[in-house]
Amino acid sequence: MVKETVKAKIVVDKESQISEIDKRIYGSFIEHLGRAVYGGIYEPEHPSADENGFRQDVLDLVKELQVPIVRYPGGNMVSAYNWEDGVGPREERPSRLELAWRVTETNQMGTNEFVDWAKAANSDVMMAVNLGTRGIDAARNLLEYCNHPGGTYWSDLRKSHGYEQPHQIKTWCLGNEMDGPWQVGQKTAHEYGRLAYETAKAMRLVDPEIELVTCGSSNSDMPTFPSWEAETLEHTYEVADYISLHQYYGNRSGDTANYLAKSMDMENFIETVVATCDYIKAKKRSKKKMHLSFDEWNVWFHSNEQDKEIEPWTVAPPQLEDVYTFEDALLVGSMLNTMLRHSDRVKVACMAQLVNVIAPIMTENGGAVWKQTIFYPYYYTSVYGRGVALQPLVSSPKYDSKDFTDVPYLDTAVVHNEEKEEVVVFATNRHLSLPLEVNIDARSFEGYEVVEHVVLENEDVKAINIAGQENVKPHANGESKMDNGNLVSIFPKCSWNMVRLQKK
Ligand code: AHR
């Protein structure tokens, strides 16, 4: 019996390149929120904790993901944060009402400890400054504390805290989601644009080597999107290197076909922000190209209801602890593909977040650590999606869903790693009942052979992983055959795939 399939085609050519991929698109995010810090990366009483209190079981998984940069300390939390509370002797640090998430912040972890943790994780730090309740002064002081070698008040204070060498933090966010009414110290576009410009000016005077991210809209559904981008960039275009994008998706209606198409919304979001940046560039007769920092992205909706039950002012309660399903992993795979296809403009991206809070890694306080379903597409794309993103010419059958028309069943991104002589195809099959038979014309990669075809599939789109029970995990028995530069792959129904080719 011949198995029923749908057929699609891809043409890739070595010379048809989108861009060199900035590895920072595989970044992530740790906010002082829920159990991301306390019980996540830092838990001195945990059996695996080192002398700094860092959980080694968590660090091992973070290192496995090869996360190049981690944004810190927020998020919403940064908009009312006094960074000075988190430095110096621990016993002298104040506990504070943390207004964004209405919890108590003990400040047992702060800037220096996070820099130590990031070092241990082989990551760089992307630091956010408070432009909600504070401004130019706190930002320039924090930068001086972190990056100035010594001989001044703030840099000597760092030294007195045991950090002789400057942290040399390169990438800085000028606030967080300043258009959001939920933000402490929300601003109008004009107010934010002016403040961000003046803060950037002062920060660059302290350290001209830094890179700055100006706040874009909190998400593409904000009523002020994209005029917020246009108006704020009128002020910040010449002083910022990146503009931020944030977006979270969810499947509240349970319509999987529609849900898997949501990466098309992300695509549209990126393209609209690029167009807005280029409009301001033209208006200003500027020679500079603005890049994008997609510094919060993920699935977030599972925990919304249970978060309403949290007792205010507790310490590190379990907040935003989404338990991810198999279908969430498929969407995450497509969101990563989307960023690869826009790697000419998206230079930084942070999966939000990294541990416990809407995260690929989950822990129990004092106990186990495990991988959520979304860990897998993130892991494979981060580890193997390095090099140059190629422009795949795709012809795929399409479907219509509630919110989208012409959704290709095949969602793909292709990466060429010249150094390793490797070509990697990442692909989601959005078809819920049929396999996709894909013919990939890769004739410019003569002599390449399939080394592995990893598949993430599951009969149950709602399957989840819990401590000690990994129901959703990849296998490497995918069907792929390379013949004379022609690759034929079968992507099972409703699956995420990675096909890796290497020169013989
Ligand atoms: O990542 C969770 C929250 O989502 C962040 O604190 C905020 O920036 C966004 O709204």
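Determine whether residue 319 is under 27 Å from residue 42 (Cβ atoms), touching a residue at least 24 places away in the same chain (Cβ under 8 Å), within 14 Å of the ligand (Cβ to nearest atom) and within 18 Å of the chain's Cα centre (by Cα). So that I can check it myself, show each step before the final result.
Details: under 27 Å from residue 42 (Cβ atoms): yes; touching a residue at least 24 places away in the same chain (Cβ under 8 Å): yes; within 14 Å of the ligand (Cβ to nearest atom): yes; within 18 Å of the chain's Cα centre (by Cα): no.
When the stated conditions are applied, residue 319 does not pass them.
Look at the stretch 272-301 and say how many of its residues are in a loop (DSSP other than H, G, I, E, B), within 16 Å of the ligand (Cβ to nearest atom) and buried (at least 19 other Cβ atoms within 10 Å of the Cβ).
Looking only at the stretch 272-301, we keep the residues that are in a loop (DSSP other than H, G, I, E, B), and these are 284-290, 300-301.
Applying the additional criterion that residues be within 16 Å of the ligand (Cβ to nearest atom) yields 300-301.
Filter again for buried (at least 19 other Cβ atoms within 10 Å of the Cβ), leaving 300.
Qualifying residue count for the region: 1.
Can you confirm whether residue 207 is more than 16 Å from the ligand (Cβ to nearest atom) and closer than 28 Å to residue 288 by Cα? Don't jump to the end; show me each part of the working.
On the way: more than 16 Å from the ligand (Cβ to nearest atom): yes; closer than 28 Å to residue 288 by Cα: yes.
Spelling it out, residue 207 is indeed more than 16 Å from the ligand (Cβ to nearest atom) and closer than 28 Å to residue 288 by Cα.
Being at pLDDT 95 or above, crowded, with 22+ Cβ neighbours inside 10 Å and within 16 Å of the ligand (Cβ to nearest atom) narrows it down to one residue among 103, 58; which is it?
Going through 103, 58 in turn, the sole match is 103.
Between a first residue in the stretch 24-45 that is assigned by TED's automatic domain parsing to the domain that holds residue 342 and a second residue that is buried (at least 24 other Cβ atoms within 10 Å of the Cβ) and basic (Lys, Arg), which pairs have beta carbons less than 6 Å apart while being 6 or more apart in sequence or on different chains?
29/71; 43/55
Listed residues 314, 224; which is surrounded by fewer than 17 Cβ atoms within 10 Å (Cβ to Cβ) and within 16 Å of the ligand (Cβ to nearest atom)? Walk me through how you get there before you give the answer.
Details: 314 fails: within 16 Å of the ligand (Cβ to nearest atom).
Exactly one residue qualifies, and that residue is 224.
If you take just the strands (runs of 3 or more DSSP E) that sit entirely in the stretch 3-95, which of them hold at least 1 residues that are under 30 Å from residue 178 (Cα atoms)? Explain how you work it out, then say what you get.
Working: elements: 6-11, 17-20, 27-29, 69-72.
So the answer is 27-29, 69-72.
Show the residue pairs that are 6+ apart or on different chains and have beta-carbon atoms under 8 Å apart, the first residue being within the stretch 382-398 and without any contact (Cβ under 8 Å) to a residue 40 or more places away in the chain, the second being of a type in the set (Ser, Thr, Tyr) and buried (at least 16 other Cβ atoms within 10 Å of the Cβ).
398/409
If you go through the stretch 171-190 one residue at a time, do you hit one that is more than 16 Å from the ligand (Cβ to nearest atom) and closer than 15 Å to residue 237 by Cα?
So the first thing to find is which residues in the stretch 171-190 are more than 16 Å from the ligand (Cβ to nearest atom), and the list is 171, 188-190.
With the extra rule that they be closer than 15 Å to residue 237 by Cα, the set shrinks to 189-190.
Yes, the stretch 171-190 has at least one match.
Quickly run through the stretch 227-271 and pick out the residues that are part of a loop (DSSP other than H, G, I, E, B) and within 16 Å of the ligand (Cβ to nearest atom). Spell out the reasoning first.
Applying the first criterion (part of a loop (DSSP other than H, G, I, E, B)) to the stretch 227-271 yields 237-241, 250-255, 261-262.
The answer is 250, and nothing else.
Specify which of the listed residues (378, 399) is crowded, with 24+ Cβ neighbours inside 10 Å and touching a strand residue (DSSP E or B) at 6+ places or on another chain (Cβ under 7 Å).
Working: 399 fails: crowded, with 24+ Cβ neighbours inside 10 Å.
Being crowded, with 24+ Cβ neighbours inside 10 Å and touching a strand residue (DSSP E or B) at 6+ places or on another chain (Cβ under 7 Å) holds for just one of 378, 399, which is 378.
Restricting to the stretch 345-360, and then to whatever is assigned to a strand (DSSP E or B) and crowded, with 24+ Cβ neighbours inside 10 Å, can you tell me which residue is farthest from the ligand (Cβ to nearest atom)? Can you show your working first?
Going residue by residue through the stretch 345-360, those that are assigned to a strand (DSSP E or B) are 346-352, 355.
Filter once more, so that each one left must be crowded, with 24+ Cβ neighbours inside 10 Å: 346, 348-352, 355.
On the way: 346: 18, 348: 15, 349: 14, 350: 9, 351: 10, 352: 4, 355: 12 Å.
If we take residues in the stretch 345-360 being assigned to a strand (DSSP E or B) and crowded, with 24+ Cβ neighbours inside 10 Å, then 346 is farthest from the ligand (Cβ to nearest atom).
The values are calculated or read from the model by the stated rules, or taken from the named source; none is laboratory data. Nothing here was measured: the structure is a model prediction, and the numbers come from that model. Don't worry about glycine lacking a Cβ; one is built from the backbone with ideal geometry, like all the others, and counts go over all protein chains shown.
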